[in-house]
Amino acid sequence: MKRYHVTTFGCQMNAHDSERIKGLLEDLGLGEAASQDDADVLVFNTCTIREKPDTRLAAYLGNAKVLKERDPSRIVAVGGCYAEAQRERIFDRYPFVDVAFGPGSIAHLQDWVGAGGHGLPRGRFGTGETRAFAAELPQHRERSTQAWVQVSMGCNSVCSYCIVPKVRGREVSRRPGEILAEVERLARDGVKEVTLLGQNVNSWGRDLLPDVRTEFGELLRAVDAVEGIERIRFTSPHPKDFRAPVIEAMAACASVCEHAHLPVQSGSSRVLKRMRRTYSRERYLSLVSRLREAIPDLALTTDIIVGFPGETEADFDQTLSLVEEVRFDGAFTFIYSPRAGTEAASMPDQVPDEVRGERLERLVHAVQRIAAERQAERIGRVEEVLVEGRSRTDAALLRGRTRRNTTVNFNGAGAVGELVPVRVEAATSTTLRGTQLAAVAA
Ligand code: SAM
Ligand code: SF4
């Protein structure tokens, strides 16, 4: 049996797409290899959001080149956002790559591998007319009781730093009937938790008008009504699309988790304007208040970029003060990385490396201190935990996640997929430690 290996970089959408890539290859009769060295088909599902993943990919491809030289019948395939961004150059830069495909044309990999690479063009890409939902392809799910559900592809925003609209194209929403059919199928298979995925997940539905009259809040309500689904998450919402019906649906639906990942990017209205985020600091803070009023005990996480072109010390202070004011439960923090072809990459006032690095350090310090304080507030509480498996750091413990999306390592006996009550006994900035409560006899 021929074997494949998939290496995944980047976001949750890529994690989802990789499950489809694996499903496609298994449909062709290939089995999964434990490592690249043992594989006949090597797939790289790439990211290009910042320079770092580009550099990491180059190192991985260096190894693939050596493997290919050892056995030229091996197929090396590069998919995802980097492949799309470099579509003109990829075969020049990496001549040993056999096939490349953009995020909207994953099925092309199946055509190519299925035909043994004969009679088909070397590369094909999927922006524009030819894009298709990966969600319609076969799937190899990595987790038995949790699943990603793609609700849209592409993004209509024009954030001046971001390469996503260029590589993933305009936003297209999946039809509600198709989404619900998939969620129902997953529930029948024993899935308890679904994460709805879109680059801008809460603007879902707008492009279906006037054909289908709906919006993201209604989608949440419809998924909530599916029997067997105990938890609904969604990522990433854009603050500008967090309208009243979405907040109301979050508050009303028992299975929608008390967690919102709400990327702020900067605390300075001046920088937000140059980023083209279309909200100000004040509007973001007012959204946070509305969310917290409607959903008690809500966990809030965010994404923040430091060193955006033109960011002054005063702008950065505004970011620090916003972090102190909101008190996020966690944050992904990034140094601004210029991406060729984006508006911000050609802005004149790029911030020097050492200033960006020093700001990141100060930001991470504040984020971690506050996250540790927020998690410590959970000590003594009983949290509902979805059991995911054995702890990664101590095999004697189980691992799971709270509704607020914090990982918990705990003493207990729950089976994978079970929801169990756990008393929290200790906390770090990112994890909790606890003990499962004994089942109360009926
Ligand atoms: N669609 C989501 C949104 O609007 O918030 C997230 C998209 S992106 C995959 C995830 C995060 O990467 C962004 O929220 C942003 O913080 C970060 N990011 C995007 N472009 C970047 C760049 N050029 N440099 C540094 N960070 C970047
Ligand atoms: Fe990028 Fe902005 Fe779209 Fe998010 S909303 S994917 S940051 S352009």
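Bear in mind these aren't lab numbers, they're just calculated from the coordinates by the rules spelled out. No experiment lies behind these values; they were computed from the predicted model shown. Positions of Cβ are backbone-derived with ideal geometry, glycine not excepted, and every protein chain shown enters the neighbour counts.
Is the C-alpha gyration tensor of segment 1-159 telling us rounded, prolate or oblate? Criteria: a/c under 1.5 is rounded; beyond that, a/b larger than b/c is prolate, otherwise oblate. Rounded is the answer for segment 1-159, as its axis ratio a/c remains below 1.5.
Highest mean packing comes first when the peptides 367-373, 346-352, 41-47, 152-158 are listed by Cβ atoms within 10 Å, giving 41-47, 152-158, 367-373, 346-352.
Put the Cα centre of segment 232-286 next to the Cα centre of segment 345-389 and the gap is 17 Å. Backbone geometry of segment 56-61 corresponds, through the Karplus equation with coefficients 6.51, -1.76 and 1.60 at θ = phi - 60°, to 3J(HN,Hα) couplings of 5, 4, 4, 5, 4, 5 Hz, x marking Gly and Pro. Return the inverse of the average 1/r over all pairs of distinct C-alpha atoms in segment 69-112, which is the Kirkwood hydrodynamic radius, in Å to one decimal. Computed over Cα pairs of segment 69-112, the Kirkwood hydrodynamic radius comes out at 10.9 Å. With R₀ set to 35 Å, the beta-carbon distance separating ALA244 from ALA132 gives a calculated FRET efficiency near 0.55. Only one residue of LEU42, VAL97, GLN12 has its Cα farthest out toward the positive end of the dipole of the chain, where Lys and Arg carry +1 and Asp and Glu -1 on Cβ, and that residue is VAL97. Close amide H partners of THR7, meaning residues 5 or more places away or on another chain with modelled amide H under 5 Å apart, are VAL43, PHE44, ASN45. Set against the 2.2 N^0.38 Å expectation for a compact globular protein, segment 235-318 has a Cα radius of gyration ratio of 1.17. At a Cβ-Cβ separation cutoff of 4.7 angstrom, cysteine residues of the chain with no neighbouring cysteine are CYS11, CYS47, CYS81, CYS155, CYS253, CYS257. Descending by average beta-carbon neighbour count within 10 Å, the peptides 353-365, 316-328, 194-206 line up as 194-206, 316-328, 353-365, the highest first.
A simple spin-label model places pseudo-atoms 7 Å from Cα toward Cβ; at ARG185 and ASP71 they are separated by 3.2 nm.
For segment 47-115, the Cβ-based charge dipole about the Cα centre amounts to some 240 debye (Lys, Arg positive; Asp, Glu negative; other atoms uncharged). If one computes the Cα centroid of segment 1-46 and of segment 61-124, what distance in Å separates the two points? Rounded to whole Å, the Cα centres lie 13 Å apart. Straight-line cross-link reach from LYS273 at under 21 Å between alpha-carbon atoms covers these lysines, not counting any fewer than eight positions away in the same chain: LYS166, LYS240. The peptide list 407-417, 27-37, put in order of mean Cβ contacts within 10 Å with the highest first, becomes 407-417, 27-37. Projecting the Cα positions of ALA187, VAL172, LEU209 onto the charge dipole of segment 151-211 (unit charges on Cβ atoms of Lys, Arg, Asp and Glu, taken about the Cα centre) puts VAL172 furthest along the positive direction. Remark on segment 1-86: hydrodynamic radius 13.1 angstrom, per the Kirkwood mean of 1/r across alpha carbon pairs.
When TYR284, TYR94 are arranged by Cβ crowding within 10 Å, least crowded first, meaning fewest neighbours, the order is TYR94, TYR284. Per the Cα gyration tensor, segment 163-203 maps to an equivalent ellipsoid with semi-axes of 25, 11, 8 Å, ordered largest to smallest. Across all directions, the average flat footprint of the convex hull enclosing the Cα atoms of segment 334-442 is 10.1 nm². Return one quarter of the surface area of the convex hull spanned by the alpha-carbon atoms of the chain, equal to its mean projected area, in nm². So the mean shadow area of the Cα hull is 22.7 nm². Modelled spin labels at ALA415 and GLN12, positioned 7 Å past Cα toward Cβ, are 2.7 nm from each other.
The stretch between LYS52 and ALA251 holds 67.9 nm of extra length on full extension. This uses 0.36 nm per residue minus the Cα-Cα distance. Taken about its Cα centre, segment 233-380 carries a charge dipole of about 460 debye when Lys and Arg each add +1 at the Cβ and Asp and Glu each add -1 at the Cβ. Stretching the chain fully between ASP37 and GLU293 yields a gain of 86.9 nm (0.36 nm per residue, less the alpha carbon separation). Bridging of LYS22 to lysines at a Cα separation below 21 Å is possible for LYS2, LYS68, once same-chain residues fewer than 8 apart are set aside.
Ordering ASP92, ASP329 from the fewest to the most neighbouring beta carbons within 10 Å gives ASP92, ASP329.
Shape of segment 182-280 from its Cα gyration tensor (a ≥ b ≥ c, root eigenvalues): rounded if a/c is under 1.5, otherwise prolate when a/b > b/c, or oblate?
In terms of gyration-tensor shape, prolate.
Starting from 0.36 nm per residue, how many nanometres of slack lie between GLU377 and ALA340 once their C-alpha separation is accounted for?
Extending this stretch completely gives an extra 9.0 nm.
Less than 15 Å Cβ to Cβ from ALA344, Lys/Arg counted +1 and Asp/Glu -1: what total charge do the surrounding residues give?
Taking every other residue near ALA344 into account, the sum is +4.
A Cβ-based charge dipole, computed about the Cα centre of the chain with Lys and Arg at +1 and Asp and Glu at -1, lands at about 280 debye.
If Lys and Arg each add +1 and Asp and Glu each add -1, what is the summed charge of the other residues whose beta carbon sits under 10 Å from the beta carbon of GLY267? Provide the component values of the computation, followed by the final result.
Details: positive: ARG281; negative: ASP315, ASP317, GLU324, GLU325.
Local charge sum for GLY267: -3.
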